[in-house]
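Heads up, the thing below is written out as structure tokens.
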Amino acid sequence: MPVTRLALTDFRSYATALIEPAPGFVLLFGENGAGKTNLLEAVSLLTPGRGLRGAPLLEMARDGGSGGFGVAARLGDLEIATGTLATAPERRQVRVNGAAASVNSLSEWLSVLWLTPAMDRLFSGTASERRRFLDRLVLALEPAHAHHATRYDAAMRARNKLLADIGNADPSWMSALEAQMAEHGAEVGAARLRTVAALDGRLFDTPDDMFAKAAISLDGWSGGDLAAELSASRSRDAAAARTLVGPHRQDLAVLHRGKPVLSGAEGEMPASRCSTGEQKALLLGLVLAHADLVAKRRGAPPVLLLDEVAAHLDPKRRSALFARLEGCGQVWMSATEAALFDGIGTASRFHVEAGRASPA
């Protein structure tokens, strides 16, 4: 469902703000630092996780505000609110139609995907960054993924604390934590594998257009008896001061489909070795293919948040992007100039300046 009303209170640069976008394109334009990305971040908080910046909750509260913040949205007949209280600024609160709800339950109501300038070097960055990106893709298809990932991480953190004093650790408690990791880790790994397989097939079937096509796979831990692996690895893990086996060691491998490593050679170019422009095109093509997959699987497309994407495309590719996004659900886009949206017809347009968003 599209977001038809977004209200902010003491969030980032906004003391208060209210916008009521229509389905389809939602276009935000204004100078650098005006608060466009803050609006996109607010929408991204309508799903589990830390939002598109990955920032701590304390950073989201407005300087000089109450100490807490609020983000409220309407999706059809559904009212969602999230934020923090000044008395508990590090604890995120969620309400759905006025009733308290868990953060992970948000994935049942809305799928949100985003691209930001900080993601431009995703393929040459760390494996943990790619895992977070992959988990966002999985979550849009399988809402239960958030529960299993959260439980796995909690059990692993507890196990890592025991590893710090392995000589005095209770073996039965260690085994119980490893059983928890095995139970939820198997679900995490299987969900990732299903998503990667489905998305790779969707990418393969996507007609050639102005955007590079990726081939993707899952590297690292490949499943098995995780409880036994963890038990056998206790000494090694204690020496490393961390857990060395499990789905938290997986990585998303991305290749430029059809581009050889060398001219005339077999094998496709790893995304990490592609040019910056090619990496951006691969990432954009991957997100667009995933949006198509979500629409097919869940019966409705995700909400897309594209921060400063249009500015990095030449006019021909910009037009191709707008054409591909037409009719693909609600798409929020930001840019410094309204002219970068030329070619888009019907849209909700907002001019953003100094913590204010006005219909344009």
Theoretical ellipticity at 222 nm over the chain - DSSP helices of four or more residues, -39500 (n - 2.57) apiece, nearest 500 = -11500 deg cm²/dmol
request  = Could you pull out every one of the lysines with an alpha carbon less than 26 Å from that of K213, ignoring same-chain neighbours closer than 8 positions?
outcome  = K259, K280, K296, K316
key: Full-stretch length increase - A144, D170 - with 0.36 nm per residue and alpha-carbon distance subtracted   = 6.3 nm
ask   = Which label belongs to the value computed from this structure, given these candidates for P(r) over Cα pairs in 10 Å bins from 0, in percent: [x] 5, 22, 30, 25, 13, 4, 0; [y] 4, 18, 24, 23, 15, 7, 3, 2, 2, 1, 0, 0; [z] 5, 17, 23, 28, 19, 6, 2, 1, 0?
value = [x]
remark   = Each label sits 7 Å from Cα toward the beta-carbon; between D225 and E31 the label points are separated, in nm, by 6.6
ask   = Put +1 on the Cβ of each Lys and Arg and -1 on the Cβ of each Asp and Glu in the chain; which of A149, F204, L113 then has its Cα farthest toward the positive end of the dipole?
value = A149
query = trypsin sites (Lys or Arg not before Pro), restricted to region 115-186: which are DSSP loop and have at most 16 other Cβ atoms within 10 Å?
reply = R121
note = Candidate cut points under GluC sites (Glu not before Pro) in region 255-360, DSSP loop plus at most 15 other Cβ atoms within 10 Å of their own Cβ, are E266, E326, E337
message = For the chain, what does the relative contact order come out to in percent, with C-alpha contacts under 8 Å and a separation of six or more?
response = 25
note = Once amide hydrogens are built 1.01 Å from N within the peptide plane, the residues lying 5 or more places from R356 or on another chain with amide H under 5 Å from its amide H are none
query = Looking at the chain, what % of its DSSP beta bridges pair antiparallel, to the nearest 5?
reply = 70
query = So what J values fall out for region 66-82 if you push phi through Karplus, 6.51 cos²θ - 1.76 cosθ + 1.60 with θ = phi - 60°, rounded to Hz, Gly and Pro as x?
reply = 6, x, x, 8, x, 10, 10, 9, 10, 10, x, 8, 9, 10, 10, 9, 8
task = Please give, to one decimal in nm, the separation of the simple spin-label points placed at R74 and S217, each 7 Å out from Cα toward the Cβ.
result = 5.0
inquiry  = Tell me which GluC sites (Glu not before Pro) from region 20-105 have a DSSP coil assignment and no more than 16 other beta carbons within 10 Å of their own.
reply    = E31
query = What is the magnitude of the charge dipole of the chain about its Cα centre, with +1 placed on the Cβ of each Lys and Arg, -1 on the Cβ of each Asp and Glu, and no other charges, expressed in debye to the nearest 20?
reply = 120
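We did not get these values from a lab; they are worked out from the coordinates using the rules stated. Given the structure is predicted, the values throughout are model-derived calculations rather than measurements. Quick reminder, even Gly has a Cβ in these numbers, built from the backbone with ideal geometry, and neighbours come from all protein chains shown.
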